[in-house]
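J.: Pasting a structure here, questions to come.
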Amino acid sequence: MDLQEIMADIHAINEDLEAYERKYGVLSETFYESYISGEEPKDDVWVLDWADWAGAYKLLLRRREQYRHTIQILREESQTLIDIIERTVRHESISVA
């Protein structure tokens with residue numbers, strides 16, 4: 001997986017999360033805190049949505065961590081943000097460590 005693939009995943013997951021947020025009226029962060037503490041919907045129809053929503057949010061957290069880690073490594077290699085942007089604009093693959 002490279003940096004551009006991580007970014008694409010982050011954007012796609014955000015779109016999915018926004019649909020759940022509009023449907024249920026809370027931000028994903030708020031929902032996830034309740035979900036991991038064991039709170040479950042009373043409506044059985046919502047159970048699958050909640051499981052999918054929680055899975056998508058967990059994946060978003062993982063992708064954001066991969067993004068942060070990759071940027072940190074690139075900066076430690078003396079690459080400035082401008083260098084990183086120039087590489088991505090040229091569609092150079094930036095591998096994830």
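Taken together, the values in this text are just the output of simple stated rules run on the coordinates, not laboratory data. Just so it is clear, the model here is predicted, and its values are computed rather than measured. Quick reminder, even Gly has a Cβ in these numbers, built from the backbone with ideal geometry, and neighbours come from all protein chains shown.
J.: I'm trying to understand the selection: among the residues of the range 23-76, which are of a type in the set (Val, Ile, Thr), assigned to a helix (DSSP H, G or I), under 19 Å from the mean Cα position of the chain (by Cα) and more than 30 Å from Thr88 (Cα to Cα)?
T.: Those that are of a type in the set (Val, Ile, Thr), assigned to a helix (DSSP H, G or I), under 19 Å from the mean Cα position of the chain (by Cα) and more than 30 Å from Thr88 (Cα to Cα): Thr30, Ile36.
J.: Further question: Within the range 85-94, which residues are surrounded by 12 or more Cβ atoms within 10 Å (Cβ to Cβ), in a helix (DSSP H, G or I) and without any contact (Cβ under 8 Å) to a residue 24 or more places away in the chain?
T.: Glu86, Arg87
J.: List every residue pair whose Cβ atoms sit under 9 Å apart, with the two residues 6 or more apart in sequence or on different chains, where the first one lies in the range 41-64 and is in contact (Cβ under 8 Å) with a residue 40 or more places away in the chain and the second, anywhere, is in a helix (DSSP H, G or I) and polar (S, T, N, Q).
T.: Pairs found: Ala56/Ser28; Tyr57/Ser28; Leu60/Asn14; Leu60/Ser28.
J.: Just give me the residues in the range 65-82 being without any contact (Cβ under 8 Å) to a residue 12 or more places away in the chain and surrounded by 13 or more Cβ atoms within 10 Å (Cβ to Cβ), in sequence order.
T.: Result: Arg75, Gln79.
J.: List the residue pairs whose Cβ atoms are under 7 Å apart, where the first residue sits in the range 1-22 and is within 25 Å of Arg90 (Cα to Cα), the second is not in a helix (DSSP H, G or I), and the two are 6 or more positions apart or on different chains.
T.: Matching pairs, first to second residue: Met1/Val96; Asp2/Ser93; Asp2/Ile94; Asp2/Ser95; Asp2/Val96; Leu3/Ile94; Leu3/Val96; Ile6/Val96.
J.: Another question, if that's okay. Return the total of residues in the range 2-54 being farther than 30 Å from Ile84 by Cα and not aliphatic (A, V, I, L, M).
T.: The number of residues fulfilling the criteria is 25.
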